[in-house]
1. Exactly one of (1) modelled with pLDDT of 95 or more; (2) surrounded by fewer than 13 Cβ atoms within 10 Å (Cβ to Cβ); (3) farther than 30 Å from Ala149 by Cβ is unmet by Met1. Its number?
2. Which of the residues belonging to region 167-210 are of a type in the set (Ser, Thr, Tyr) and under 18 Å from Asn269 (Cβ atoms)?
3. Would you check which residues across region 212-225 are touching a residue at least 24 places away in the same chain (Cβ under 8 Å) and more than 16 Å from Leu153 (Cβ to Cβ) and list them?
4. Quick check, is Thr8 more than 26 Å from Ser172 (Cα to Cα), hydroxyl-bearing (Ser, Thr, Tyr) and exposed (fewer than 13 other Cβ atoms within 10 Å of the Cβ)?
5. Looking at the structure I just gave you, is Ala185 touching a helix residue (DSSP H, G or I) at 6+ places or on another chain (Cβ under 8 Å), crowded, with 17+ Cβ neighbours inside 10 Å, over 30 Å from Val103 (Cβ atoms) and at pLDDT below 95?
6. Filter region 7-54 down to residues that are of a type in the set (D, E, K, R), under 16 Å from Asp159 (Cβ atoms) and free of Cβ contacts under 8 Å to residues at least 60 places away in the same chain, then give me how many there are.
7. Are there any strands (runs of 3 or more DSSP E) wholly within region 96-169 with 1 or more residues that are in contact with a Gly (Cβ under 8 Å, 6 or more places away or on another chain), and if so which?
Amino acid sequence: MPPRETATITSTRNPRIVEARKLAQRKHRERQGRFLVEGLQLIGMALAAGYRPLEVFYAPEMASSAAAQAVLEQLGALDVPRTPVAPHVMEALAERELSQGLVAIFRLWATDLASLPVGAGSLVLVLDRLQDPGNLGTLVRTADAVGAAAVVLLEPAVDPFHPKAVRATMGSLFHVPIARTADAAGALAALRAAGLRTVAADPYRGVPWGEGLLDGGVALVMGSEAHGLSEDLRAAVEGWAILPMVGRAESLNVAEAGSVLMYFWLHANSAPPQD
């Protein structure tokens, strides 16, 4: 483990910087058991959720705002190793064009399907072989916004720790449990056993808005961007929802459709306002 404070790193060839930059690739994230998070909001939300970084790199000239200093103080209170780096080193670490001068490295984690906090009235978002990190991040963020209990990724799927996915969640990665499994049929069976109705979206058939299908506990199943819902899952689906298309758009992408249906679930299961 690096010391809590070290001399400023001025070379992108520094071994620790080289290893950190490799975290942009899935094979290196899995090999190192770590992933990188950049940006004050995401790091702040991780800290608020109780996650402690393994180490932090910061560029003092770029992380001089009050918000950045507050996050650095939090990290100091947690005794997280913090290493100053030159601005050009930070630019090499960060993927954003306008870096906020702070990146943190966290340990990867895995959530077991059986440990998900699923109740009879829960919403669980099930994503079938999703491949786009931006779509995944958006869906996780919306799942967080509507109070979904969990997200289940059916493999092979995009890595939720992909840098673009992490950014697109806007911190919701640290709030919504995400389980991954290659046993698609077993996952849906487990969710049905927990009292959830399996409802899938289809652009050509189903109940408009999923009305009546999204009441109570639901496992909302969304297909992949390229192929839709896999054939091996269709027989396990208990209801189909379709979103009306009244304009000239041919279709909605999975993030748009999933977000609309999750909010319809929230609407269907929200108590009416009291007089």
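The values are calculated or read from the model by the stated rules, or taken from the named source; none is laboratory data. Here the structure is a predicted model, which means the values were calculated and not measured. Because the Cβ atoms are built from the backbone with ideal geometry, glycine has one as well, and the counts that use them run over all protein chains shown.
1. All conditions are met except number (1).
2. Within region 167-210, just Thr198 meets the criteria.
3. Residues satisfying the conditions are Leu213, Leu214, Asp215, Gly216, Gly217, Val218.
4. For Thr8, the condition - more than 26 Å from Ser172 (Cα to Cα), hydroxyl-bearing (Ser, Thr, Tyr) and exposed (fewer than 13 other Cβ atoms within 10 Å of the Cβ) - is met.
5. no
6. Here the count works out to 3.
7. Qualifying strands (runs of 3 or more DSSP E): 102-107, 123-128.
Residue-by-condition table, conditions (1) surrounded by fewer than 18 Cβ atoms within 10 Å (Cβ to Cβ); (2) of a type in the set (A, V, I, L, M, F, W, C); (3) more than 21 Å from Ala149 (Cα to Cα); (4) in the same structural domain as Leu136 (by TED's automatic domain parsing):
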{"residue": "Arg197", "(1), (2), (3), (4)": "yes, no, no, yes"}
{"residue": "Pro203", "(1), (2), (3), (4)": "yes, no, yes, yes"}
{"residue": "Gly206", "(1), (2), (3), (4)": "no, no, yes, yes"}
{"residue": "Val221", "(1), (2), (3), (4)": "no, yes, no, yes"}
{"residue": "Ala241", "(1), (2), (3), (4)": "no, yes, no, yes"}
{"residue": "Ser251", "(1), (2), (3), (4)": "yes, no, yes, yes"}
{"residue": "Ala255", "(1), (2), (3), (4)": "no, yes, no, yes"}
